[in-house]
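Peer 1: Take a look at the following structure, please.
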């Protein structure tokens, strides 16, 4: 008996090596943007603040984009997806999300090939992140009311550990639970897409 | 016992030599420091301040000069003839200290009053433009004046050769991109050496001419942009410093008749001023921000 992976629905978890060095400067930039720029949140809880995309060109986030672990992920995916020699993965969109008390992200997917979420400031017990498969509920309802795991459920619920980067295929939906703490949670979301070299 | 005698000095020289003498304290050599002017940086270290004299202390100086070996550091003719590329290089030549030993930046212990003053400066400069950049205007030579005296009329114009609207254009450009702390007399800005070092330490970036701000930013390891337009040669190279030298690729002008050395230097200086491309300088500053990963409003 052997298992063969049919489709890539995996979550890759990375650590951002320079999280403690870069956290303060990134938070300061996001704080400044939130003071001056309009909220581009469309569809999530009204208290959620989202910056406009474009943070990938801001110097404060260059260390994140040049992270060795993120580069290793891109190299691995280049081989796994048999990407042509004239193509490469690039980050073409990046934005920050602030989840205050009672804020939560509604279920959504993104464009591009991979969706990354970097937990810049994650207060303890500030919520969980849920990942959704595209498989209909009716399929998994047959398993009945049992302890859910990756084999019998179309949802997976995980923590949001500060300093970690979660990378998923961008067709996978995500949402977060409500932040019930008094502290804002801040995450940086980005899209990896394919571009010509 | 040695006397180190300094002539034709400025604030940059005082800063660099202070660092050298702090290093020299650990050696067995006894020494005195005799300067042509008073600099408050020497009061930062009690053992150094005990050894510091100025020329006007005439009777003390006469006694010191007769009793020890005298080493003269003249920062005009002797420096020019020494073929050194920077004040630090010249000082290292004259004072036997190892720059690699104890090369920590000068540390200051500011009082709560100073911390409060600097915090107020930052709060006034905060326009939510991500980074704090300390800026001395074009060709404003902080070496020639005591720190930032607001009422000094000489500081009201950055230079007679730079039109006011050009200076204002660069100032406005920088203010739109970063939280700018500008050391101009248009703001109520008056600091001493301790405050200036503490201010530079807390900034993200420094834009200066070749003066004490440059020396402090190199020492405190703050990324910086050095405007060399007024000077031809002497500066302290450092990987954290971007040097702007618009004349570096220009061919030397060969005049049809024999000119004196001063006139030739003046020609180079005036060409730099007249051909001052402010747009290019703005681009180079942004490139420097990108190189040192300083966030700014695009």
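The values are calculated or read from the model by the stated rules, or taken from the named source; none is laboratory data. Keep in mind that this is a model prediction, so the values were computed, not measured. Here the Cβ is made from the backbone with ideal geometry for all residues, glycine too, and neighbour counts use every protein chain on show.
Peer 1: Every residue in the stretch B:90-118 that is closer than 19 Å to residue B:3 by Cα and either without any contact (Cβ under 8 Å) to a residue 12 or more places away in the chain or not in a helix (DSSP H, G or I) (or both), please.
Peer 2: If the condition is that a residue be closer than 19 Å to residue B:3 by Cα and either without any contact (Cβ under 8 Å) to a residue 12 or more places away in the chain or not in a helix (DSSP H, G or I) (or both), then B:93, B:95, B:96, B:97, B:98 are the ones that fit.
Peer 1: Given the condition surrounded by fewer than 19 Cβ atoms within 10 Å (Cβ to Cβ) and at pLDDT 90 or above, answer yes or no: does some residue in the stretch A:135-153 qualify?
Peer 2: No: the stretch A:135-153 contains no residue that is surrounded by fewer than 19 Cβ atoms within 10 Å (Cβ to Cβ) and at pLDDT 90 or above.
Peer 1: Given the structure, is residue A:61 touching a helix residue (DSSP H, G or I) at 6+ places or on another chain (Cβ under 8 Å) and either in a helix (DSSP H, G or I) or within 11 Å of chain B (Cβ to nearest Cβ) (or both)?
Peer 2: Considered against the rule, which asks whether it is touching a helix residue (DSSP H, G or I) at 6+ places or on another chain (Cβ under 8 Å) and either in a helix (DSSP H, G or I) or within 11 Å of chain B (Cβ to nearest Cβ) (or both), residue A:61 comes out as yes.
Peer 1: So which pairs qualify, if the first residue must be in the stretch B:278-293 and within 14 Å of chain A (Cβ to nearest Cβ), the second must be modelled with pLDDT under 85 and buried (at least 16 other Cβ atoms within 10 Å of the Cβ), the Cβ gap must be under 9 Å, and the two must be at least 6 apart or on different chains?
Peer 2: Partner pairs satisfying both residue conditions: B:285/B:170; B:285/B:244; B:288/B:244.
Peer 1: Can you tell me which residues in the stretch B:186-234 are closer than 26 Å to residue B:38 by Cα, in contact with a strand residue (DSSP E or B) (Cβ under 6 Å, 6 or more places away or on another chain) and modelled with pLDDT under 80?
Peer 2: Passing the criteria: only B:209.
Peer 1: Give me a count of the residues in the stretch A:18-58 that are farther than 19 Å from residue A:122 by Cα, assigned to a helix (DSSP H, G or I) and under 19 Å from the mean Cα position of the chain (by Cα).
Peer 2: 3
One line per residue, one yes/no per condition, for (1) in contact with a strand residue (DSSP E or B) (Cβ under 7 Å, 6 or more places away or on another chain); (2) at pLDDT 75 or above; (3) buried (at least 20 other Cβ atoms within 10 Å of the Cβ); (4) over 17 Å from residue B:200 (Cβ atoms):
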position	(1), (2), (3), (4)
B:107	no, yes, no, no
B:110	no, yes, no, no
B:136	yes, yes, yes, no
B:140	yes, no, yes, no
B:152	no, no, no, yes
B:166	no, no, no, yes
B:171	yes, yes, no, yes
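Peer 1: Determine whether the stretch A:93-104 contains at least one residue that is under 19 Å from the mean Cα position of the chain (by Cα), surrounded by 13 or more Cβ atoms within 10 Å (Cβ to Cβ), in a helix (DSSP H, G or I) and within 14 Å of chain B (Cβ to nearest Cβ).
Peer 2: No - not one qualifying residue is present in the stretch A:93-104.
Peer 1: What's the number of the condition residue A:9 fails, among (1) within 14 Å of chain B (Cβ to nearest Cβ); (2) modelled with pLDDT under 95?
Peer 2: So residue A:9 meets the others, but not (1).
Peer 1: More than 14 Å from chain B (Cβ to nearest Cβ), surrounded by fewer than 16 Cβ atoms within 10 Å (Cβ to Cβ) and touching a helix residue (DSSP H, G or I) at 6+ places or on another chain (Cβ under 8 Å): does that describe residue A:75?
Peer 2: When the stated conditions are applied, residue A:75 does not pass them.
Peer 1: Kindly indicate whether any position in the stretch A:44-53 is free of Cβ contacts under 8 Å to residues at least 24 places away in the same chain and either crowded, with 17+ Cβ neighbours inside 10 Å or over 15 Å from residue A:190 (Cβ atoms) (or both).
Peer 2: Within the stretch A:44-53, one or more residues are free of Cβ contacts under 8 Å to residues at least 24 places away in the same chain and either crowded, with 17+ Cβ neighbours inside 10 Å or over 15 Å from residue A:190 (Cβ atoms) (or both).
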